[in-house]
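Structure record follows, encoded as structure tokens.
The values are calculated or read from the model by the stated rules, or taken from the named source; none is laboratory data. Fair warning: this is a prediction, and the values are worked out from it, not measured in the lab. Using ideal geometry, Cβ is built from the backbone for each residue, glycine included, and neighbour counts are taken over all protein chains shown.
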Amino acid sequence: MMNKLEMVKGFLHGGDYNPDQWLKRPDILQQDYQLMDQAHINTVTVGVFAWARLEPQEGVYDFDWLDEVFDKMNQRNGHVILATPSGARPRWMSQKYPEVNRVDSDGRRHTHGFRHNHCYSSPIYREKVREINTRLAERYGNNPALVLWHVSNEYSGECYCPLCQFNWRKWVKHKYQTLDALNDAWCMSVWSGLYSDWSQILPPSLLGDSKVHGMDLDWHQFVTDMTVDFFNQEIQPLKKLTPNIPVTTNFMAESLKEGQYTPLTGLDYGKFAKSLDIISWDSYPSWHNRYETTAETAMKTAYVHDQFWSLKQKPFLVMESTPSCVNWGQYNKAKQPGMHRLSSFQQIAHGSDSTLYFQIRQAQGNSEKYHGAVIGHDGKSDSRVFKDVQQYGQELQKIAEIKGASKHVRVAILFDWDSNWALNRGGGFGRPTRLGIQTLQKHYADFWKRDIACDIITSTMDFSKYDLLIAPMMYMVTPDMLARIQRFVEHGGTLVSSYFSGMVDSNDRVNLGGWPQSLQDVFGVEPQELDTLLPGEHYHVKFNQREYETTDYDQVLKANDAQVLGIYSDNFYAKTPAITKHQYGKGTAYYIGARLSSTFIQDFYDGIVQDLHLENQFVRHSNPVVSIQTRYKGAYAYHFVMNFSETEQEVEMQRASVDMLTNRSIAKQVRLGKYDVMVLKEKRRDMLD
Ligand code: GAL
């Protein structure tokens, strides 16, 4: 049976709405709905941080203002995404029950304030959340406008209170059963760290154990488990009382440093995703920055969309985005004309079934008063931002039939949160040059430029449906993962991996006795040494009669029965293998020994793309700054053609078609203006006969 959200026809357009900040201004509340109608907004997300309004005193509830929102949305056949308010608690609660406040790693209990900072273990907090969620579900569960639960907000962070420490000890004990096993797993003979009693187990901290890699890895997993446990408890009353209303929570992306944009690495979203009915995330790329081109920002944003798609390989929601600027950056730049439309269609192109904003009306005061919003402080409908939203809302209606459409993806990139934690934690080699995610993005970028769709999956997901599995820097390996990788290649899959692979086990201990045998079998090589290069130090690899520069890492390889495709030209490993290819079973495994430039990556994949016929069948010549992404539904393919550049671009397709946004026929060869978008519809080729 379809859930309420699946039954919605057309895309969700709207976002975070905070009438709770405007209760003394009925005139403004009235105006909000008129403006929402004008902007083609059909969805509001309410109550995200409204606990203090919903329960102003312990056990005293006020739902009148929220009833009003539901009434208004029902009057216009709109949708409500109702949040549970646990992302920020009322002041009375922290005062009466201080244990709901988090304790930091220095042992300091925080006072009330800010948000996203409750203790996940606190029984009283869990109880209070259950109570308010039950009331919300009872009151609104059958309301026609309710389509989705937005559980809490942007879960993150950790708590070190005595109760969390107790749970940590319990978690560790449950995982290892005996102190002996624990001491082995964390290699505690080092620096006399052996545990002689379970009570000695404390969380990692700068005041105590700050360099036990195995412990750090477990702590990350524990924090994920605690967060998911809290989430699972939060949704219990919702699941019980409203089984046909799906649940989500808004996941985050983070900019770790300039030029990097990636799903949050603090929580294992691969694990968390299993508790959600639909994935949603908050998308805030830095358009128009000074450190990269618009196409590069677009590529990184596409990567994040695709990773969130891949968690369930089903449509997701963009739960938040800004119609203009954010307020939390050093410099908060507004989107240039055309960028709102382009970046919003990009969300849909990669599998989102919504464009939702933070926020509908701009706050008058407090910390986010200058954050972009659909309705600005002037309350007018003739602002550039409002008109952008309005135009986009109207266009979104023209492509409503695409909602729920799927994707067809033959290439997967491997990303594991565990492995990434371990990779970044380990000492040795080059500390600033691990760059695991940047390396994945470099491979991804090549496919994005070719308009070939990629999933970004974890190693516990099914590989067998892909033709090409890209797994560079596959640092941590488990026996199960190795067996599945081996099977994938044996059965005909193509695998690409690189230096920094197969190095540690699931406890972040180095694999002894050389490279795991299954990897040697699959790749036909044996890594011997990993040379760390200094900044500015480069050597060379000869591949396909061309020479490419290496950076950061050169791995010395011994080829057993692999074919050598590239060799080092210099340093002490001159004339030894750098790039290899190996037939294994019905498949092929490539190994890239060194960190090489994007030009190499492009030349390297040229052959593989051809061999596997991965080319986008709709595109004649890919233009690297025009992205084409396709969604499929029923007998139709919908190609989103997006110009991520400041100049007009030539696009060459295999066939003529029709642009759903303008209703114009589009020739095979067209010019697309700065930031312009087309949505081309055609009968699916594989369904033509
Ligand atoms: C999100 C958050 C919203 C709002 C927004 C501003 O991370 O969920 O509540 O603060 O950022 O960009």
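Does Trp287 satisfy the criteria of being of a type outside the set (Lys, Arg), over 18 Å from His220 (Cβ atoms) and in contact with a Pro (Cβ under 9 Å, 6 or more places away or on another chain)? Working first, answer last.
Values: of a type outside the set (Lys, Arg): yes; over 18 Å from His220 (Cβ atoms): yes; in contact with a Pro (Cβ under 9 Å, 6 or more places away or on another chain): no.
The answer is no for Trp287.
Without any contact (Cβ under 8 Å) to a residue 12 or more places away in the chain and surrounded by fewer than 16 Cβ atoms within 10 Å (Cβ to Cβ), is that true of His621?
On the way: without any contact (Cβ under 8 Å) to a residue 12 or more places away in the chain: no; surrounded by fewer than 16 Cβ atoms within 10 Å (Cβ to Cβ): yes.
Judged against the criteria, His621 is not a match.
Do any residues in region 245-266 that are more than 23 Å from Leu217 (Cβ to Cβ) have Cβ atoms under 8 Å from those of residues that are aromatic (Phe, Trp, Tyr) and within 12 Å of the ligand (Cβ to nearest atom), where the two are at least six apart or on different chains, and which pairs are they?
Hits for this filter: Thr249/Tyr155; Asn250/Trp281.
Is there any pair with a first residue in region 182-196 that is among the acidic types (Asp, Glu) and a second that is modelled with pLDDT of 95 or more whose Cβ atoms are under 9 Å apart and which are 6 or more apart or on different chains, and what are they?
Between residues of region 182-196 that are among the acidic types (Asp, Glu) and residues that are modelled with pLDDT of 95 or more, the close pairs are Asp184/Tyr176; Asp184/Asn507; Asp184/Arg509.
Hey, among the residues in region 330-359 that are among the aromatic types (Phe, Trp, Tyr) and either more than 16 Å from the ligand (Cβ to nearest atom) or free of Cβ contacts under 8 Å to residues at least 12 places away in the same chain (or both), which one's surrounded by the fewest Cβ atoms within 10 Å (Cβ to Cβ)? Can you show your working first?
As a first pass, look at region 330-359 and keep what is among the aromatic types (Phe, Trp, Tyr): 331, 345, 357-358.
Still in the list and also either more than 16 Å from the ligand (Cβ to nearest atom) or free of Cβ contacts under 8 Å to residues at least 12 places away in the same chain (or both): 331, 345.
Working: Tyr331: 8, Phe345: 25.
So the residue we want is Tyr331.
Tell me which residues, restricted to region 139-156, are small (Gly, Ala, Ser) and either more than 18 Å from Val48 (Cα to Cα) or away from the ligand (no atom under 16 Å from the Cβ) (or both).
Gly141, Ala145
Kindly indicate which of Gln165, Gln177 is loosely packed, with under 15 Cβ neighbours inside 10 Å, more than 16 Å from the ligand (Cβ to nearest atom) and either among the β-branched types (Val, Ile, Thr) or within 27 Å of Leu207 (Cα to Cα) (or both). Can you show your working first?
On the way: Gln165 fails: loosely packed, with under 15 Cβ neighbours inside 10 Å.
Sole residue among the options that is loosely packed, with under 15 Cβ neighbours inside 10 Å, more than 16 Å from the ligand (Cβ to nearest atom) and either among the β-branched types (Val, Ile, Thr) or within 27 Å of Leu207 (Cα to Cα) (or both): Gln177.
Need the failing condition index for Ser121 against (1) hydroxyl-bearing (Ser, Thr, Tyr); (2) in contact with a Cys (Cβ under 8 Å, 6 or more places away or on another chain); (3) not in a loop (DSSP other than H, G, I, E, B), just the number.
Only one criterion is unmet by Ser121, namely (3).
What tally of residues in region 507-527 results from selecting those that are out of contact with any Phe, Trp or Tyr (no Cβ under 9 Å at 6 or more places or on another chain) and either aromatic (Phe, Trp, Tyr) or loosely packed, with under 14 Cβ neighbours inside 10 Å (or both)?
Selection size over region 507-527: 5.
Given the structure, is Ala471 surrounded by fewer than 21 Cβ atoms within 10 Å (Cβ to Cβ), at pLDDT 95 or above and among the hydrophobic types (A, V, I, L, M, F, W, C)? I'd like the intermediate steps shown before the answer.
Numbers: surrounded by fewer than 21 Cβ atoms within 10 Å (Cβ to Cβ): no; at pLDDT 95 or above: yes; among the hydrophobic types (A, V, I, L, M, F, W, C): yes.
No, not satisfied.
Provide a single number: the residues in region 103-141 that are under 26 Å from Ile245 (Cβ atoms) and either among the small types (Gly, Ala, Ser) or in contact (Cβ under 8 Å) with a residue 60 or more places away in the chain (or both). Give the derivation first.
First, the residues of region 103-141 that are under 26 Å from Ile245 (Cβ atoms): 115-116, 118, 120, 125-141.
From the residues that got through so far, the ones that are either among the small types (Gly, Ala, Ser) or in contact (Cβ under 8 Å) with a residue 60 or more places away in the chain (or both) too are 115, 120, 126, 129-130, 132-141.
The total comes to 15.
Tell me which residues, restricted to region 376-388, are in contact (Cβ under 8 Å) with a residue 24 or more places away in the chain and within 16 Å of the ligand (Cβ to nearest atom). Walk me through it before giving the result.
Step one: list which residues in region 376-388 are in contact (Cβ under 8 Å) with a residue 24 or more places away in the chain, which gives 379, 381, 384-386, 388.
Correct list: Val385 only.
Scan region 12-51 for residues that are within 16 Å of the ligand (Cβ to nearest atom), of a type in the set (A, V, I, L, M, F, W, C) and in contact (Cβ under 8 Å) with a residue 40 or more places away in the chain and jot them down.
Hits for region 12-51 are Val44, Val48, Phe49, Trp51.
Could you go through region 167-175 and let me know if any residue there is in a loop (DSSP other than H, G, I, E, B), among the aromatic types (Phe, Trp, Tyr) and touching a helix residue (DSSP H, G or I) at 6+ places or on another chain (Cβ under 7 Å).
Initially, region 167-175 is screened for residues in a loop (DSSP other than H, G, I, E, B), giving none.
No, that holds for no residue.
Pick from Gly372, Gly376: which is surrounded by 19 or more Cβ atoms within 10 Å (Cβ to Cβ) and in contact with a Ser or Thr (Cβ under 8 Å, 6 or more places away or on another chain)? Working first, answer last.
Values: Gly376 fails: surrounded by 19 or more Cβ atoms within 10 Å (Cβ to Cβ).
Exactly one of Gly372, Gly376 is surrounded by 19 or more Cβ atoms within 10 Å (Cβ to Cβ) and in contact with a Ser or Thr (Cβ under 8 Å, 6 or more places away or on another chain), namely Gly372.
I'm trying to understand the selection: among the residues of region 57-101, which are more than 16 Å from the ligand (Cβ to nearest atom), in contact (Cβ under 8 Å) with a residue 24 or more places away in the chain and crowded, with 20+ Cβ neighbours inside 10 Å?
Leu66, Val69, Phe70, Met73, Gly78, His79, Val80, Pro90, Met93, Val100
Can you spot a residue in region 393-405 that is among the aliphatic types (A, V, I, L, M), under 26 Å from Phe308 (Cβ atoms) and within 16 Å of the ligand (Cβ to nearest atom)?
At the first step, the residues of region 393-405 found to be among the aliphatic types (A, V, I, L, M) are 396, 399-400, 402, 405.
Next, only the ones that are under 26 Å from Phe308 (Cβ atoms) stay: 396, 399-400, 402, 405.
From what's left, within 16 Å of the ligand (Cβ to nearest atom): none.
No, the conditions are met nowhere in region 393-405.
So which strands (runs of 3 or more DSSP E) stay within region 221-329 end to end and still have 1 or more residues that are surrounded by fewer than 22 Cβ atoms within 10 Å (Cβ to Cβ)?
Values: elements: 250-254, 280-282, 317-320.
So the answer is 250-254, 280-282.
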